[in-house]
Each structure stands twice: as structure tokens, then as C-alpha cells.
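Every read-out reported here was derived from the displayed coordinates using simple, explicitly stated rules and does not represent laboratory data. It should be emphasised that the depicted structure is a prediction, and the values quoted were computed from it without experimental measurement. Cβ placement follows ideal geometry from the backbone for every residue including glycine, while neighbour counts extend to all protein chains displayed.
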Amino acid sequence: MRRTALVQLALPVALIGVVAFTGCAATPDGPTREPSSAPPVTAGPAPVAESFTKYDALRAELVAALEQKLPGITWSVDNPPRLAKSGDGGCILQPASMKSSADIVEPSNHFQDVFTAGDPVLGKHGFPAFGGTDDVPGGWVVARSTDGTGATVSIESKSPAYLRITVPVASSTCDSKEIPAG
């Protein structure tokens, strides 16, 4: 009983750490990241290798779906995968972040095509649909989805667009050397 109560308390705290950490992502003049209506965290962090395999596959499938739906706009690696400590001392995995070759807001009909392409991929990987864009100051158009582990997928556009995923993981060292070589 006591362990269950501690886990139930630890998971929301971990999610707060994820939100705090994602606010520190290195995007020049990036959007302020206010959390969307995320589902409650219902599962604890998985090991780095397991999480990397799962969420890197999600990243690759989202990129393929977006490139198919928005011909002429390609995505390339912006930052390599990494692990970093969150504000609460937890560990956050960030699979490679992606950057589009052009802004996607107009070509995607103000993200309607992003939802059409991305929502089925999110569903396949246990995420809810994007559910629209967030009200973010500074001209950014942002869509987010968070799964039951506290992992968050965000697509942020302000010429160009960025695809980022943050995942709480179980790691004693939180060293990027733990990320499997691809």
C-alpha cells in the first residue's frame, strides 16, 4: 500500500519535471511550453534502451507520415538523441529532434494535415490525438500529445518546424552513452 502511494506521488512529480525540462530545450526564440491537457501518468519510466527503441520508432514514423502528407517538405536531424537530468533529478530521454526544410503552417492548412498524418501514428504508439494547437505567444503554432508514461510529442512551427519528443526514463547515470547506437 505504501509503495503504491509513493508511486502515485512520484509519477505526477516526474511529469512536472518533464514539463520543466522541456521549457529549457534549445530552440532559439522557442515557444513558451505550457502543458496541454495531458492524461494522468499511469506508468513509471522504462529503461533507456527500451524507451529509445519505442520512441525513436515513433519519431521515424511521424516524419515519414508528415513527409508523405506534405510533399516537398523534408525533415532532418536538428539535435542528436540525448539524456539529460530534469529539474527533479529524474532522467529525460530526447530522441533526435527533427527540423523541417520549410514552415509547415500554411502548407498543412494550419496543422489540419499534421493532425491527419500524425494522429494515426500517435494512436498506434499509445498517444491520444493532438487535439488541436496550443495557444502559444510569439507566433508559434504548437501541437502536443502526452502518453501515460509522461512522454510528450510536440510539433512546433515558426519557420521552420521542429518535432521533439521527451520521455522520462529509468537510469541511474543519465549518461547519453546509455542510448543504443543506431
When 1/r is averaged over all different Cα pairs and the result inverted, which Kirkwood radius in Å belongs to segment 62-182?
15.1 Å
Given bins 5 angstrom wide, list per bin the percent of all Cα-Cα distances in segment 112-182, short to long.
3, 14, 21, 21, 16, 12, 9, 3, 0
In whole Å, largest first, the alpha carbons of segment 53-129 cover along the principal axes 40, 25, 21
Using a 7 Å offset from the Cα along the Cα-to-Cβ direction at both residue 61 and residue 112, what is the distance between the two label points in nm, to one decimal?
2.6 nm
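Mind scanning 54/99; 85/124; 85/158; 124/177; 69/177; 54/177 and naming the pairs with a C-alpha gap bigger than 25 Å? Don't jump to the answer; show the numbers that get you there.
Values: 54/99 20 Å; 85/124 28 Å; 85/158 27 Å; 124/177 29 Å; 69/177 35 Å; 54/177 18 Å.
Listed pairs above 25 Å: 85/124; 85/158; 124/177; 69/177.
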Go ahead and run the numbers for FRET between residue 159 and residue 42, Cβ-Cβ distance against an R0 of 35 Å, rounding to 0.05.
0.45
